[in-house]
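First up is the structure itself, then whatever we jot down about it.
The values are calculated or read from the model by the stated rules, or taken from the named source; none is laboratory data. Note that this is a predicted model, so its numbers are computed, not measured. When we count neighbours, we look across all protein chains shown, and the Cβ atoms used for this are built from the backbone with ideal geometry, even at glycine. All accessible areas refer to the heavy atoms of the entire protein, side chains included, with ligands and DNA or RNA removed. Shrake-Rupley method; radii C 1.70, N 1.55, O 1.52, S 1.80 Å.
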Amino acid sequence: MSKWKERIPGMVISVLLVAVFAVFMVILLQSKMVPTKLLILGGIALVLLVASAVLLVRSIRNKGQFICGASLSLVLALVLGLASNYISVATGTLTEIGTVRTEYTPVAVYVRTDDPASALEDTKGYTFGILESLDRESTDSAVSQITERFGSAVTTKTYAGITQLIDGLLNKECDAIILNTAYLDVVTELDKYADVESKIRELEVLHVETAVQSEAEKTQSTGNSDAENRIYTLYISGSDTRQGLNTVGRSDVNILATINTETRQILLVTTPRDYYVPLPVSGGIPDKLTHAGIYGVNVSIGTLEMLYDTDIDYYFRLNFSGFTGIVDALGGITVDNDVAFTKGNYTYPVGKVQMDGKMALTFARERYSFVDGDIQRGKNQLKVISAIIDKALSPDILVRYNSIMDSIKDCFEMDVPYDDIAALVRRQLSDNGSWNVVQCSVTGTGDSQIPYSMSDYAYVMRPDYNTVNKAKELMQAVKDGKTLSKTDTNITDADRTRYASMPGDPAASYTSSGSGTQSSSSNNYSYSDSNDYSYSGGSDNSGYEEPSVPSESSGGETPSEPAGGDETPSEPSGGEEIPSEPSGGDETPAEPDPGTNGGETIAEPAA
C-alpha cells in the first residue's frame, strides 16, 4: 500500500475533527459566556488534544497508534459536538425568552346561561354591556373586532363598575357583556358574586395584542445604556394564568430583587398581593397590587417604582404551571422553613426541607395555614426563590444547564438583555464565589375598601410605611455596596423615630361618601359609597376615622366581617398591625408575633 493511501483514513478523520473543533469554538465565542482567561487556556488545551489526535492518525501502518488516535478523535468529536449543541440550545433559549415583546389581553363575550346564542355570530343585534372607563382600550379593541366580524355597528351600553356590569346582564338590561377575563376572577372574590360563573356563559375570547416596551429599551432610547451597570433591580412576577405566559392577568407574586454583582449581594423584597396602593393608571386611586397585572407588566412595574421610589431595570415573569419543571430540572431545592404546617400530602417541618417541584409549588402557594396569611406566604415565596438562586449558582448547574433551559422556555419570560446574562455567567465561572441573599417582607393592616378595579368592598392591606421605608433603605444599602445580614432587616426604635419624619402614603388623604364612583385630583381623592370617613395620614398611617357599616340601600356590599367575631376591623395603631387570613373564613385570629410589627391582628374578611 502506498504512503498516500495509508494517509487517506487519517486525513479524513483529521478534517472532520478540525471541522467539529472549529464549529465548537465559533459557537463558544458567540455565546460570550466564557471568561477570556478560561477561553484561552481551554482553547490551548483543545488545540493540543486535536493536534495529538491528528498526529496519531497520520498513517494506518502503525495500527496501535492509529487506533489510539482514532479513538481520541472520536471522543473529542462527540464531546465537542454535544457541547456545541448544549451551548447553542442554551443561548437560543435565553434569546427566545428574552425577546417576548407582546402581551395579550383576553377579552371575552359573556351571555346568560339560558341565552340561546351558541357562537359570537348569534349575538348580532344584541346590546353589549361594557365598562365605562376600566380597561377601556382593550374593550374598544374587542368591540372593533366584533364590528368587523358582523359587518355592522355594535350597540353598547356602559356601566360604571364590574358589579354593575354583571348585574346589568343578569337583570336583562343588556343581552351580552364584553369583559376582560381577569375581571371575572376579580369579581368572584366578592361573596355576593362567588357563583357568578354558574350564571353566565363565555361565548368566545378575543385577544387584544399590546406591544411591551422593556425597561432596557426605554433606557436605550434615552441614550443611557445599562450595559456596563453591575447593579440591577429586577421585578419578579408570578401568576397562575392557564392562558399562556404572555397573557395579562393578576400577579400573585411581586418581588423586587436588588442585585449587586460586584459585592455578590442580593436583596429580595416581597410585597403582599393585597397591598392597597395607587397604580400608574388609576389617577391616584388605590387598588390591590395584584390587580396591576391586569393592565400589563409595565403597570405592575410602575406601581412598585412609585411605592419604593426606585427604578426597576428588568422584569422576570414566571407562570406557576411551569414552576415545578424548573425546580425538578435543578435536581430539587433545599428550603429553610420556619413555620411547620401540613398541606395535602406534604408535611413541612421546621428546618431544612428538601423539595421537588410539586412540593415547592405547594409550599409557595399556601397561605391559609398561617396566622399572618399572605405575609407568611410572601416570606415562603422568597425562601423558594432564594433556594433556586443558590442551586442555580452552584457548580451543579453546569451538568443540568441544558435541561434547565428546556424547562423554562414555556413558563418564563424576561427582558434582561442576553449580554447581561452572559456577563453574569462569565463572572460566576471566573470567580465561582458564593452569593449573599437576604430577604425582606413589607407588611400592613387589614381593611375593607373599594379598590380602583372593583366596584364593591373587598379585603385590602393598608401599607405599614415603617416596613416600606426599611425596605427602601436596604435597597439603597445594597446599591451602595454594603453587605447585609438577616438582622439588618429588623426595624429598630431608632428606625421608627427616623421614619416618623419621612413622607408616608403617596395617596394618604382621601374621603368617602356615596355610590362607588371614584374621583382623583393630585393624590387627593374621594370615594362614593355609604361611608363618610377621611384620612390625612403620615408615615405612621395615623389619622384614619373608621367607616361605618354601609347600608343596604347604598348599592355596595357590606364588608365581610373578621373571622371569629362580629367586630369591624379595629383601628390601626401606628400602622403596625399585621392582618391574618382565615382558614375557610372561620379561624379565630391568633396573637401576632411580637418580633414583627406588634399591635392587634385583624383576620382577613372572607371576601
- line: Answer in debye to the nearest 20: the dipole magnitude of the stretch 72-143 about its Cα centre, from +1 Lys/Arg and -1 Asp/Glu charges placed on Cβ, is 420
statement: Per-residue accessible area, 1.4 Å probe, largest first, puts LYS5, LYS486, LYS472, LYS383 in the order LYS486, LYS5, LYS472, LYS383
task: Keeping all protein chains in place, calculate the accessible area per residue for the stretch 29-182 (probe 1.4 angstrom), answer in Å².
output: 49
message: Rounded to whole Å, give me the distance from the Cα center of the stretch 274-335 to that of the stretch 359-408.
response: 16
- prompt: What does the convex hull of the Cα atoms of the stretch 69-201 come to per residue, in Å³, rounded to a whole number?
  reply: 192
- prompt: How would you order 196-209, 458-471 from highest to lowest mean count of nearby Cβ atoms within 10 Å?
  reply: 458-471, 196-209
- prompt: Roughly how many Å² is the accessible area per residue of the stretch 315-472, as a whole number, for a 1.4 Å probe?
  reply: 35
message: Please compute, over every Cα-Cα pair in the stretch 306-430, the percentage with a separation greater than 26 angstrom.
response: 28
- line: Expressed in square angstrom to the nearest 10, the accessible area of TYR159 with a 1.4 Å probe stands at 20
message: How large is the Kirkwood hydrodynamic radius of the stretch 351-424, counting all unique pairs of alpha carbons, in Å?
response: 14.4
Too-long pairs where the Cα-Cα distance tops 29 Å, listed order kept, from LYS391/LYS482; LYS192/LYS383; LYS32/LYS486; LYS358/LYS379: LYS192/LYS383; LYS32/LYS486
message: At 1.4 Å probe size, with the rest of the protein present, what percent of the exposed accessible area of the stretch 64-112 is carbon and sulfur atoms?
response: 71
- prompt: Taking the highest mean first, how do the peptides 444-450, 337-343 order by number of other beta carbon atoms within 10 angstrom per residue?
  reply: 444-450, 337-343
Among 252-260, 112-120, the order from most to least packed when residues are scored by Cβ within 10 Å on average: 252-260, 112-120
- request: From zero up to wherever the largest Cα-Cα distance of the stretch 1-95 sits, split into 5 Å bins and tell me the percent of pairs in each.
  value: 2, 14, 22, 20, 15, 11, 8, 5, 3, 1, 0
- line: With label points set 7 Å from each Cα along the Cα-to-Cβ direction at ASN62 and ARG112, the distance between them in nm comes to 9.4
statement: With the charge dipole of the stretch 127-176 built from beta-carbon charges (+1 for Lys and Arg, -1 for Asp and Glu) about the Cα centre, the Cα from GLN145, THR163, LEU134 projecting farthest to the positive end belongs to GLN145
message: Using +1 at the C-beta of Lys and Arg and -1 at the C-beta of Asp and Glu, which of GLN376, TYR452, VAL478 has the Cα lying farthest in the positive direction of the dipole of the stretch 343-481?
response: GLN376
